[in-house]
Amino acid sequence: MAAAAPAAAAAASPEAPAVTGTAEPETGDEDSREVRVLQSLRGRIYEAKNLLPYLGPNKMRDCFCTINLDQEEVYRTQVVEKSLRPYFSEEFYFEIPRTFQYLSFYVYDKNVLQRDLRIGKVAIKKEDLCNHSGKETWFSLQPVDSNSEVQGKVHLELKLNELITENGTVCQQLVVHIKACHGLPLINGQSCDPYATVSLIGPSRNDQKKTKVKKKTSNPQFNEIFYFEVTRSSSYTRKSQFQVEEEDIEKLEIRIDLWNNENLVQDVFLGEIKVPVSVLRNDSSHQAWYLLQPRDNGNKSSKTDDLGSLRLTLCYTEDYVLPSEYYDSLKTLLLKSPDVQPVSASAAYILGEICQDQKDAVLPLVRLLLHHNKLVPFITAVAELDLKDTQDASTIFRGNSLATRCLDEMMKIVGGHYLKVTLKPVLDEICESSKSCEIDPVKLKEGDNVENNKENLHYYVDKVFNTIVGSSVSCPTVMCDIFYSLRQMATKRFPNNPHVQYSAVTSFVFLRFFAVAILSPHTFHLRPHYPDTQTIRTLTLISKTIQTLGNWESLSRRKSRSKKSVMCEFLKMFQEERYFTDVKKFLDEISSTETKESSGTSEPVHLKEGEMYKRAQGRTRIGKKNFKKRWFCLTSRELTYHKQPGKDAIYTIPVKNILAVEKLEESSFNKKNMFQVIHTEKTLYVQANNCVEANEWIDVLCRVSRCNHNRLSSFHPSAYLNGNWLCCQETGENTPGCKPCTAGIPADIQIDIDEDREAERIYSLFTLSLLKLQKMEEACGTIAVYQGPQKEPDYSNFTIEDSVTTFKTIQQIKSIIEKLDEPHEKYRKKRSSSAKYGSKENPIVGKIS
């Protein structure tokens with residue numbers, strides 16, 4: 001499920017695998033034992049078009065796009081300058097660690113001096129996400145209205161009382177108890193100062209009351225009661241029963257508006273709910289949670305067609321991960337795939353055949369097979385199948401097949417540290433330098449010199465090239481093993497072509513690995529921020545040159561295939577023999593069978609870095625601790641924070657000293673997205689920028705420290721302030737924790753794989769593709785009976801080399817899926833029946849009657 005990201009996350013890090021353990025397990029009886037509900041989001045932001053121009057002479061805009069869970073930003077694209085049709089083309093993938101109502105995409109106009117302008121948005125309800133899954137869609141931008149930007153829920157109780165006044169008349173009274181709110185948005189990055197107004201509205205009345213302001217919290221506890229007179233009768237007798245007249249009941253409603261107190265400026269609207277008094281017609285009391293709604297007049301100020309549109313691809317998943325033993329049969333069948341003859345009859349290959357989007361199958365398959373050391377033989381087998389259909393050696397492994405996609409995904413997962421130790425230092429130098437490398441005369445800025453720029457670009461390309469060809473010792477062993485297999489197969493397939501063995505490797509390591517990372521360093525966590533426009537252009541030129549130098553066909557023939565004359569002229573500078581020799585030597589080294597020592601054993605593995613806020617460890621001069629922005633860096637050996645990226649560490653926590661990593665309750669410091677790193681000295685309190693980022697940091701810190709011998713079994717979910725723990729009120733700072741520590745999910749530190757999660761994802765994919773699986777089964781039967789080529793269009797799309805073996809595998813898959821269906825259905829029924837409508841888990845949306 002979806003990254004992320006750092007946003008975050010998230011962001012869409014190709015290197016970052018799925019973050020697990022984010023949702024608390026559903027516990028109870030045997031049916032729901034240890035079930036984890038995990039959500040993820042994957043997709044791509046392509047482009048926007050037809051954006052409104054500025055009214056002045058400069059009509060262009062500097063645009064970027066954000067992804068928001070309700071009102072919380074969790075991902076941001078690069079800024080595309082001077083365009084009314086900005087092309088972003090950014091993939092994202094991250095876990096969703098909390099409930100949400102809307103997934104929104106905002107298009108912004110960057111403003112240096114003032115607040116960025118929101119041009120428009122695409123808001124999709126959670127329940128509607130499935131309608132857009134896997135589809136590339138143009139969404140019309142909707143206007144952004146402060147009255148429509150809401151999130152959170154309200155806990156409310158209503159009662160009807162009858163009172164006898166001193167003169168004997170009966171006063172019928174409505175009691176409104178505002179108990180609490182949950183999940184209110186951040187305002188300017190900080191928890192809000194909320195208050196509520198409570199109004200009784202009818203044809204001829206509008207009585208309003210107001211709660212107190214709660215400071216710096218997104219989950220305020222109001223617990224305030226308000227009284228409204230509903231009806232007044234002229235007389236009262238003991239025999240009469242209290243009844244509100246039906247016509248009055250239908251006309252009255254309670255409206256609760258949530259506001260953020262802004263003191264000197266206008267208060268910010270946070271949402272409203274409307275509850276008709278008629279809910280008390282058959283009951284004297286009503287208590288429920290309600291989702292906050294936008295105002296009725298929200299979004300009516302603009303025509304939606306005028307704002308432009310945004311092209312997106314989305315894939316939202318929600319998986320119910322059962323206890324591990326439920327997946328034993330499925331995992332056993334999948335792990336046999338590399339040994340099945342032919343491999344096209346294996347369960348893993350069949351999954352890739354029947355999925356609507358093969359990429360959906362690749363991610364969980366690669367992780368599961370990698371976790372059990374079965375990936376190399378599987379990729380070798382499916383690559384050999386690819387080679388059977390390859391007639392021209394120059395096109396070897398250039399398509400998007402199951403083999404190439406699996407190898408791409410494997411390199412992203414295991415190659416993250418390799419990229420950091422190889423490319424990060426030189427990319428830092430390029431991004432932090434202001435040297436121009438533009439060699440196209442048409443794109444030159446005023447005052448630039450083409451020859452100087454060529455020298456700059458040549459210097460950078462040489463440095464990147466030398467770094468790459470000298471990095472073979474750091475190449476992960478699993479990559480080397482697969483490259484060796486590719487060379488052997490390519491030589492066997494084209495025995496008269498001496499260069500094909502190298503082309504088979506360069507197709508991946510240069511074209512699909514290094515060149516892509518150079519072009520998008522932020523995506524691979526090689527840079528903390530998006531590069532500026534000039535740097536992006538420099539990286540593009542370097543990436544193109546590295547692709548050409550790594551294109552063995554072009555290099556071996558000593559000529560460039562570049563279609564642009566400018567690049568063609570520049571590439572002539574790299575026709576020396578040494579480039580050919582260095583590439584050949586590098587390819588020989590990374591595709592040899594010699595065992596390489598894992599780079600993680602000789603130097604620390606870089607796991608994560610980013611900007612967050614930490615609470616001061618010591619006291620300030622005025623005696624109060626504050627929060628400071630710091631740059632955090634985690635390796636397999638230590639957690640450090642710095643004033644700025646690249647500066648010396650201010651504080652270091654050895655990983656072996658971490659005792660626990662847990663979430664921190666918001667009430668501790670009235671701040672959201674906080675967690676605590678409990679270690680042998682002072683506990684470190686940290687605030688992340690959003691829920692996705694907090695979730696990722698907690699997960700990676702838990703994984704890297706999960707084998708520590710002195711890990712705690714319990715912790716305090718709140719802070720120790722003013723001489724006592726806020727959670728349990730104990731006074732001793734060293735008092736044992738009052739809550740059990742979160743159980744970690746078994747995972748490898750460098751390759752984070754939750755095999756049960758991957759098995760559940762594969763089960764879901766088989767379930768969604770049952771119709772196509774059935775057609776493949778029918779195709780096997782037809783082939784077995786008629787023993788001839790298949791004319792049926794649906795059948796010809798499948799690769800069936802051995803119909804009997806494939807048929808048997810499909811039968812096994814169907815049997816396993818049927819057995820897994822039963823516990824899933826049991827859990828769904830139990831979950832839907834246990835979450836009462838109006839509960840905190842299942843709040844009421846809109847009015848009820």
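Condition check: open to solvent by 30 Å² or more (accessible area, probe 1.4 Å), in contact with a Ser or Thr (Cβ under 9 Å, 6 or more places away or on another chain) and of a type in the set (K, R). Does K126 satisfy that? For K126, the condition - open to solvent by 30 Å² or more (accessible area, probe 1.4 Å), in contact with a Ser or Thr (Cβ under 9 Å, 6 or more places away or on another chain) and of a type in the set (K, R) - is met.
Of the numbered criteria (1) under 16 Å from R493 (Cβ atoms); (2) open to solvent by 40 Å² or more (accessible area, probe 1.4 Å); (3) modelled with pLDDT of 90 or more, the one K374 fails is (1).
Just to be sure, is A694 assigned to a strand (DSSP E or B) and of a type in the set (G, A, S)?
Numbers: assigned to a strand (DSSP E or B): no; of a type in the set (G, A, S): yes.
Against the criterion (assigned to a strand (DSSP E or B) and of a type in the set (G, A, S)), A694 does not qualify.
The single condition among (1) surrounded by 15 or more Cβ atoms within 10 Å (Cβ to Cβ); (2) at pLDDT 85 or above that S562 does not satisfy is (2). Selection of first residues in region 751-779 that are among the small types (G, A, S) and of second residues that are in a helix (DSSP H, G or I), restricted to Cβ pairs under 6 Å at least 6 apart or on distinct chains, gives the following pairs, ordered by first then second residue: A759/Y327; A759/L330; A759/K331; S769/I354; A779/Y795. The set of residues in region 688-716 that are in contact with a helix residue (DSSP H, G or I) (Cβ under 8 Å, 6 or more places away or on another chain) and crowded, with 20+ Cβ neighbours inside 10 Å comprises A688, V704, S705. Looking at the structure I just gave you, is D754 of a type outside the set (A, V, I, L, M, F, W, C), in contact with a helix residue (DSSP H, G or I) (Cβ under 9 Å, 6 or more places away or on another chain), over 30 Å from V279 (Cα atoms) and at pLDDT 85 or above? Answer is yes for this residue.
Hey, among L117, L156, which residue is of a type in the set (A, V, I, L, M) and within 19 Å of C65 (Cα to Cα)?
On inspection, the qualifying residue turns out to be L117.
Of the strands (runs of 3 or more DSSP E) lying entirely inside region 644-686, those carrying at least 3 residues that are under 23 Å from the mean Cα position of the chain (by Cα) are 658-663, 674-679. Within region 498-520, the set of residues being under 25 Å from Q488 (Cβ atoms), open to solvent by 10 Å² or more (accessible area, probe 1.4 Å) and in a helix (DSSP H, G or I) comprises Q501, Y502, L511, R512. Taking (1) touching a strand residue (DSSP E or B) at 6+ places or on another chain (Cβ under 7 Å); (2) among the aliphatic types (A, V, I, L, M); (3) open to solvent by 50 Å² or more (accessible area, probe 1.4 Å) in turn, L291 satisfies each apart from (3). Does region 436-463 hold any residues that are farther than 18 Å from F574 by Cβ and loosely packed, with under 12 Cβ neighbours inside 10 Å, and which are they? If the condition is that a residue be farther than 18 Å from F574 by Cβ and loosely packed, with under 12 Cβ neighbours inside 10 Å, then P441, V442, K443, K445, E446, G447, N449 are the ones that fit. For T523, indicate whether it is closer than 30 Å to T380 by Cβ, open to solvent by 20 Å² or more (accessible area, probe 1.4 Å) and not in a helix (DSSP H, G or I). Answer is yes for this residue. Within region 69-100, being surrounded by 22 or more Cβ atoms within 10 Å (Cβ to Cβ) and among the polar types (S, T, N, Q) holds for one residue alone: T77.
Can you name the residue in region 783-801 that is surrounded by 17 or more Cβ atoms within 10 Å (Cβ to Cβ) and either more than 15 Å from A348 (Cα to Cα) or modelled with pLDDT of 90 or more (or both) and is also nearest to the chain's Cα centre (by Cα) among such residues? Can you show your working first?
Taking region 783-801 as the starting set, the residues that turn out to be surrounded by 17 or more Cβ atoms within 10 Å (Cβ to Cβ) are 783, 795, 798-800.
Narrowing the set further to residues that are either more than 15 Å from A348 (Cα to Cα) or modelled with pLDDT of 90 or more (or both) leaves 783, 795.
Values: I783: 43, Y795: 36 Å.
So, considering only residues that are surrounded by 17 or more Cβ atoms within 10 Å (Cβ to Cβ) and either more than 15 Å from A348 (Cα to Cα) or modelled with pLDDT of 90 or more (or both), the one nearest to the chain's Cα centre (by Cα) is Y795.
Could you run through region 140-164 and say how many residues are within 23 Å of E841 (Cα to Cα) and touching a Cys at 6+ places or on another chain (Cβ under 8 Å)? Counting residues in region 140-164 that are within 23 Å of E841 (Cα to Cα) and touching a Cys at 6+ places or on another chain (Cβ under 8 Å) gives 4. Scan region 223-252 for residues that are surrounded by fewer than 19 Cβ atoms within 10 Å (Cβ to Cβ) and at pLDDT 90 or above and jot them down. Within region 223-252, N223, E224, I225, Y227 meet the criteria.
Could you say which residue among T380, T422 is farther than 30 Å from I542 by Cβ and not aliphatic (A, V, I, L, M)? If you could, list the steps in order and put the result at the bottom.
Details: T422 fails: farther than 30 Å from I542 by Cβ.
Going through T380, T422 in turn, the sole match is T380.
The single condition from (1) at positive phi; (2) modelled with pLDDT of 95 or more that F397 fails is (2).
If you go through region 258-294 and keep only what is at pLDDT below 90 and part of a loop (DSSP other than H, G, I, E, B), you end up with E262, N263, L264, V265, Q266, D267, R281, N282, D283, S284, P294.
In region 191-214, which residues are open to solvent by 80 Å² or more (accessible area, probe 1.4 Å) and modelled with pLDDT under 90?
Filtering region 191-214 for residues open to solvent by 80 Å² or more (accessible area, probe 1.4 Å) gives 203-204, 206, 208, 210, 212.
P203, S204, N206, listed by residue number.
Looking across region 690-747, just one residue is at pLDDT below 85, under 15 Å from K663 (Cα atoms) and in contact with a strand residue (DSSP E or B) (Cβ under 7 Å, 6 or more places away or on another chain), and that is T742. Condition test on T404, is it in contact with a Phe, Trp or Tyr (Cβ under 8 Å, 6 or more places away or on another chain) and open to solvent by less than 60 Å² (accessible area, probe 1.4 Å)? For T404, the condition - in contact with a Phe, Trp or Tyr (Cβ under 8 Å, 6 or more places away or on another chain) and open to solvent by less than 60 Å² (accessible area, probe 1.4 Å) - is met.
How about region 407-435: which of its residues are of a type in the set (D, E, K, R) and open to solvent by less than 20 Å² (accessible area, probe 1.4 Å)? Lay out the reasoning, then the answer.
Of the residues in region 407-435, the ones of a type in the set (D, E, K, R) are 408-409, 412, 420, 424, 428-429, 432, 435.
Selection gives K420 alone.
When region 326-336 is filtered for residues that are surrounded by fewer than 24 Cβ atoms within 10 Å (Cβ to Cβ) and part of a helix (DSSP H, G or I), the ones remaining, listed by number, are Y326, Y327, D328, S329, L330, K331, T332, L333, L335.
Filter region 51-65 down to residues that are among the hydrophobic types (A, V, I, L, M, F, W, C) and over 18 Å from S140 (Cβ atoms) and give me whichever is surrounded by the fewest Cβ atoms within 10 Å (Cβ to Cβ).
Narrowing region 51-65 to residues among the hydrophobic types (A, V, I, L, M, F, W, C): 51-52, 55, 60, 63-65.
If we keep only those that are over 18 Å from S140 (Cβ atoms) too, we end up with 55, 60, 64.
Working: L55: 7, M60: 14, F64: 21.
For region 51-65, the residue satisfying everything is L55.
Could you please let me know if K159 is in contact with a Pro (Cβ under 7 Å, 6 or more places away or on another chain) and modelled with pLDDT of 90 or more?
On the way: in contact with a Pro (Cβ under 7 Å, 6 or more places away or on another chain): no; modelled with pLDDT of 90 or more: yes.
Criteria not met by K159.
The values are calculated or read from the model by the stated rules, or taken from the named source; none is laboratory data. Because the structure is a prediction, the values reported are computed rather than measured. Every residue, glycine as well, gets a Cβ built from its backbone with ideal geometry; the counts of neighbours run over all protein chains shown. The accessibility values were calculated without ligands, DNA or RNA, using every heavy atom of the protein model including side chains. Shrake-Rupley method; radii C 1.70, N 1.55, O 1.52, S 1.80 Å.
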